[in-house]
Amino acid sequence: QVQLVESGGGLVQPGGSLRLSCAASINIFDKITMAWYRQAPGKQRELVARILSSGLTIYEDSVKGRFTISRDNTQNTVYLQMNSLKPEDTAIYYCNRYQFFYNWGQGTQVTVSS
């Protein structure tokens, strides 16, 4: 059974940084596109960024230039470096396969507030 375990969230001031991690027990991890998603209170879950098996990265406009997605195929882990955080980045952040979802993990809460 696939497990996705996100970590690294917390409370940070506007302009601050956080690095999220996601450990994935997926036996084909190195062959699939992984992604980070987020869900703010009262809103639908949305795509933030994705990284292909080749390492190519694609970002939504709202985070472009501020967030960096990366992966370590030896550790089956995907990361999200978040810089210049804004209050509107406040959400629960989840990782999952892009488009063809596994069961969702518990996510990690990111709160950006002064």
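The values are calculated or read from the model by the stated rules, or taken from the named source; none is laboratory data. The model shown is predicted, which means the values in this text are computed figures rather than measured ones. Cβ atoms come from the backbone with ideal geometry, glycine included; neighbour counts cover every protein chain shown. Accessible surface is based on the protein model in full, side chains and every heavy atom, while ligands, DNA and RNA are left aside. Shrake-Rupley method; radii C 1.70, N 1.55, O 1.52, S 1.80 Å.
Taken over segment 30-61, the criterion of being closer than 16 Å to Gly9 by Cβ and of a type outside the set (A, V, I, L, M) is satisfied by Trp36, Tyr37, Arg38, Gln39, Pro41, Arg45. In segment 23-37, the residue that is most open to solvent (accessible area, probe 1.4 Å) out of those that are within 18 Å of Leu80 (Cβ to Cβ) and assigned to a loop (DSSP other than H, G, I, E, B) is Thr33. In this structure, is Gln106 open to solvent by 20 Å² or more (accessible area, probe 1.4 Å) and under 15 Å from Gly10 (Cα atoms)? It is true that Gln106 is open to solvent by 20 Å² or more (accessible area, probe 1.4 Å) and under 15 Å from Gly10 (Cα atoms). Residue count for segment 94-114 satisfying the condition of being at pLDDT 95 or above, over 12 Å from Arg38 (Cα atoms) and among the hydrophobic types (A, V, I, L, M, F, W, C): 1.
Each row is one residue, and each column tells you yes or no for (1) of a type outside the set (Phe, Trp, Tyr); (2) surrounded by 15 or more Cβ atoms within 10 Å (Cβ to Cβ); (3) free of Cβ contacts under 8 Å to residues at least 40 places away in the same chain.
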| position | (1), (2), (3) |
| --- | --- |
| Leu20 | yes, yes, no |
| Gln39 | yes, yes, no |
| Ile58 | yes, no, yes |
| Asp61 | yes, no, yes |
| Thr68 | yes, yes, yes |
| Tyr79 | no, yes, no |
| Ile92 | yes, yes, no |
